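Student: Have a look at this one.
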Amino acid sequence: MDFIYTFLSPGVLSQIFVGLSRTVILFIVASGLSLILGVLRIPNVFHGSLYMIGAFMAYTICSVVGGDAGFWLALIGAPIGVGLVSLATERGLFQYLYEREHIMLILFTFAISLVFGDLVKIVWGAEYKSVPVPQVFQGFVPLFGGLPFPRYNMFLLFMGPVVAIALWFLVNKTKIGKISQAAAVDREMVGAVGINVSWVFATVFVIGCFLAGLGGALVAPTVSVTLGMDHSLIIEAFLIVIMGGLGNIWGALLGALIFGLTQSLGILIWPQFGIVFPYLAVIVVLLFRPTGLLKSTW
Amino acid sequence: MLDVKGIHTYYGLSHILFGVNLTVSKGEVVGLLGRNGAGKSTTMRSIMGLTPPKEGTITFNNEDITGKKPYLLVRDGIGYVPDDRRVFADLSVDDNLEIAFKRTTEWTKERVYGVFPPLADIKARRAGNLSGGEQQMLTIARALMSSPDLLLLDEPTEGLAPLIVRSLEEQILKLKDAGISILLSEQNVRSALRMITRAYVIDEGIIRFEGTVAELEANEDVKKKYLMV
């Protein structure tokens, strides 16, 4: 380990780890957004609201059930709850709008996000909510010459690859994944081989939104759960998806890595302007690769 | 089995088909012949529900299927092979067959590979990387997976080398022997005549001739005017 320190100080290394745990949240949310963008061609601004709803649902489940059991239940229950909300909106509204122009879809999903923002305010109120870090993940792990690293962030670092592998399996090894790859390119032909494309879209939409809910539930113990967390995240998620290549899940992973790491390392370089670095990274990437780093499905 | 009566189809505002009538009986291979842009593909798309007609009716097995959704028509027993191939390029050959809807177990992957042996050798290859002939075989194979009673084959030989056209003809005749009724649209009249028993000639969205192959062969006027042979 001492060998590494000659290149990177413990401070830098621990910032890298902080950036990676941020990457995990960004990846989980952005991959869902990208999946929906790639297959359904909907630029879903509503995705941010679902992330926020996931965090609020996690708060409710944690405070009702309590303890570590509450956290684990929230981790499963909040994404499922978000999935149900998304299923209702997809069947009730979105399914009638797939053929519309993208600008209409952006306006529409933005409007829905405002409506749901207010619904969240009615249901949960405008105060900040906090979700406790579960007992098992409390405290710090000494890393890199004794610098403390939050145990919960270690859990996040574990969850990232788990979700990535699960997504890879879903897209490449399951029937619904293969169908959605085909539907992303030629939805008419998918219908003409006997597949009910409408339900494929509903399923993909719910899976994508489930990921938004999971991101919300995972982030809840690390932030104050509040109104407005939807808007800041949806902008970041869109930038990540654009940077990675529209509809490409691995692009979302790459984009989230760049975004998370430039954010955490930027703070070291220029603390007052740390927040600018990820956006600079987006500009640089798009200057050289206007269609994103990896192949877009559009 | 298939009865198309007086259909008028539009793309947006442009009127493409003008009262097209045609029938396909069980076990028949019927040709829909005509030049490029005559309305062959539009007729196929109208039957398949991809571009539903504004007027007229289409009945299949005594059920009115006008305006019915394409995926439901597949489940009723109609298979569709589009003229521009449209394989699922990102999926493997095997997955192209795998994801198609299976109505009955009459046609399995093994049986389909039996009709198109070359496909069996390239199962794992990405469909987008296949040659034109291989892609054409794959689209027919994919349509077979739903065990159709009626197959709509839209210009299967278009853009293929003569040798490949020959082997494709044999494979299509095998499907006829398997009891599948076929509506075959073709520009390549010589090739079509080797497969069909009856023909319709379409031009500018109107059926100009219908009759048996022998009648068509004898009608120099129709051949010269609409088919350029």
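Student: Output the residues belonging to the stretch B:177-214 that are free of Cβ contacts under 8 Å to residues at least 24 places away in the same chain and buried (at least 20 other Cβ atoms within 10 Å of the Cβ).
Tutor: Result: B:209, single match.
Student: Does the stretch A:147-160 include one or more residues that are assigned to a loop (DSSP other than H, G, I, E, B) and more than 10 Å from chain B (Cβ to nearest Cβ)?
Tutor: No, the stretch A:147-160 contains no residue that is assigned to a loop (DSSP other than H, G, I, E, B) and more than 10 Å from chain B (Cβ to nearest Cβ).
Student: Can you confirm whether the stretch A:125-136 contains a residue that is buried (at least 16 other Cβ atoms within 10 Å of the Cβ) and more than 22 Å from residue A:57 (Cα to Cα)?
Tutor: no
Student: Being buried (at least 20 other Cβ atoms within 10 Å of the Cβ) and either within 12 Å of another protein chain (Cβ to nearest Cβ) or among the small types (Gly, Ala, Ser) (or both) is the filter here; which residues of the stretch B:123-139 pass it?
Tutor: Within the stretch B:123-139, B:127, B:138, B:139 qualify.
Student: So the check is Cβ under 7 Å with 6+ separation or different chains; which pairs have a first residue in the stretch B:36-50 that's hydrophobic (A, V, I, L, M, F, W, C) and a second one that's in a loop (DSSP other than H, G, I, E, B) and surrounded by 23 or more Cβ atoms within 10 Å (Cβ to Cβ)?
Tutor: Close Cβ pairs satisfying both conditions: B:48/A:192; B:50/A:192.
Student: Looking at B:26, B:40, which one is touching a Leu at 6+ places or on another chain (Cβ under 8 Å), more than 14 Å from chain A (Cβ to nearest Cβ) and under 23 Å from residue B:176 (Cα atoms)?
Tutor: From the options B:26, B:40, the qualifying one is B:40.
Student: Going by the conditions given, is residue B:97 closer than 16 Å to residue A:187 by Cβ and either surrounded by 21 or more Cβ atoms within 10 Å (Cβ to Cβ) or at pLDDT 95 or above (or both)?
Tutor: For residue B:97, the condition - closer than 16 Å to residue A:187 by Cβ and either surrounded by 21 or more Cβ atoms within 10 Å (Cβ to Cβ) or at pLDDT 95 or above (or both) - is not met.
Student: Yes or no: residue A:151 of a type in the set (D, E, K, R), closer than 30 Å to residue A:17 by Cα, touching a helix residue (DSSP H, G or I) at 6+ places or on another chain (Cβ under 9 Å) and in contact (Cβ under 8 Å) with a residue 12 or more places away in the chain?
Tutor: Spelling it out, residue A:151 is indeed of a type in the set (D, E, K, R), closer than 30 Å to residue A:17 by Cα, touching a helix residue (DSSP H, G or I) at 6+ places or on another chain (Cβ under 9 Å) and in contact (Cβ under 8 Å) with a residue 12 or more places away in the chain.
Student: Let me ask something additional. For residue A:191, only one of the following conditions fails: (1) within 26 Å of residue A:133 (Cα to Cα); (2) within 14 Å of chain B (Cβ to nearest Cβ). What is its number?
Tutor: Failed condition: (1).
Student: I'm trying to understand the selection: among the residues of the stretch B:95-120, which are more than 10 Å from chain A (Cβ to nearest Cβ), in a helix (DSSP H, G or I), in contact with a Leu (Cβ under 9 Å, 6 or more places away or on another chain) and free of Cβ contacts under 8 Å to residues at least 60 places away in the same chain?
Tutor: Selection gives B:109, B:111, B:112, B:113, B:119.
Student: Whether any residue in the stretch B:148-167 is out of contact with any strand residue (DSSP E or B) (no Cβ under 8 Å at 6 or more places or on another chain), of a type outside the set (S, T, N, Q), at negative phi and within 14 Å of chain A (Cβ to nearest Cβ) is what I want to check.
Tutor: no
Student: Starting from residues that are over 17 Å from the mean Cα position of the chain (by Cα) and assigned to a strand (DSSP E or B), keep the ones in the stretch B:60-94 and report whichever is nearest to the other protein chains (Cβ to nearest Cβ).
Tutor: Per the criteria, the residue is B:92.
Student: For residue B:10, state whether it is in contact (Cβ under 8 Å) with a residue 24 or more places away in the chain and within 18 Å of residue B:204 (Cα to Cα).
Tutor: Yes, satisfied.
Student: Within the stretch B:43-57, which residues are more than 14 Å from every other protein chain (Cβ to nearest Cβ), buried (at least 23 other Cβ atoms within 10 Å of the Cβ) and not in a loop (DSSP other than H, G, I, E, B)?
Tutor: Answer for the stretch B:43-57, where residues must be more than 14 Å from every other protein chain (Cβ to nearest Cβ), buried (at least 23 other Cβ atoms within 10 Å of the Cβ) and not in a loop (DSSP other than H, G, I, E, B): just B:43.
Matching residues to (1) at pLDDT below 95; (2) in a loop (DSSP other than H, G, I, E, B); (3) in contact with a Leu (Cβ under 8 Å, 6 or more places away or on another chain):
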{"position": "B:148", "(1), (2), (3)": "no, yes, no"}
{"position": "B:152", "(1), (2), (3)": "no, no, yes"}
{"position": "B:159", "(1), (2), (3)": "yes, yes, no"}
{"position": "B:167", "(1), (2), (3)": "yes, no, no"}
{"position": "B:170", "(1), (2), (3)": "yes, no, no"}
{"position": "B:200", "(1), (2), (3)": "no, no, yes"}
{"position": "B:215", "(1), (2), (3)": "yes, no, no"}
{"position": "B:221", "(1), (2), (3)": "yes, no, no"}
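Student: Mind telling me which of the residues A:180, A:224 ends up being touching a residue at least 40 places away in the same chain (Cβ under 8 Å), of a type outside the set (A, V, I, L, M, F, W, C) and touching a Leu at 6+ places or on another chain (Cβ under 9 Å)?
Tutor: From the options A:180, A:224, the qualifying one is A:180.
Student: Identify the residue in the stretch A:194-219 that is more than 18 Å from residue A:32 (Cα to Cα) and surrounded by fewer than 21 Cβ atoms within 10 Å (Cβ to Cβ) and, among all such residues, is nearest to the other protein chains (Cβ to nearest Cβ).
Tutor: Here the answer is A:196.
Student: Determine if the stretch A:229-238 includes at least one residue that is surrounded by 24 or more Cβ atoms within 10 Å (Cβ to Cβ) and free of Cβ contacts under 8 Å to residues at least 40 places away in the same chain.
Tutor: no
Student: If you scan the stretch A:112-145, which residues turn out to be among the small types (Gly, Ala, Ser) and in contact with a helix residue (DSSP H, G or I) (Cβ under 9 Å, 6 or more places away or on another chain)?
Tutor: Hits for the stretch A:112-145 are A:113, A:117, A:130, A:139, A:145.
Student: Exactly one of (1) small (Gly, Ala, Ser); (2) in contact with a Gly (Cβ under 9 Å, 6 or more places away or on another chain); (3) crowded, with 21+ Cβ neighbours inside 10 Å is unmet by residue B:120. Its number?
Tutor: (3)
The values are calculated or read from the model by the stated rules, or taken from the named source; none is laboratory data. The shown structure was predicted, so the numbers you read here are calculated from the model rather than taken from an experiment. Positions of Cβ are generated from backbone atoms using ideal geometry, with glycine treated the same way; all protein chains shown enter the neighbour counts.
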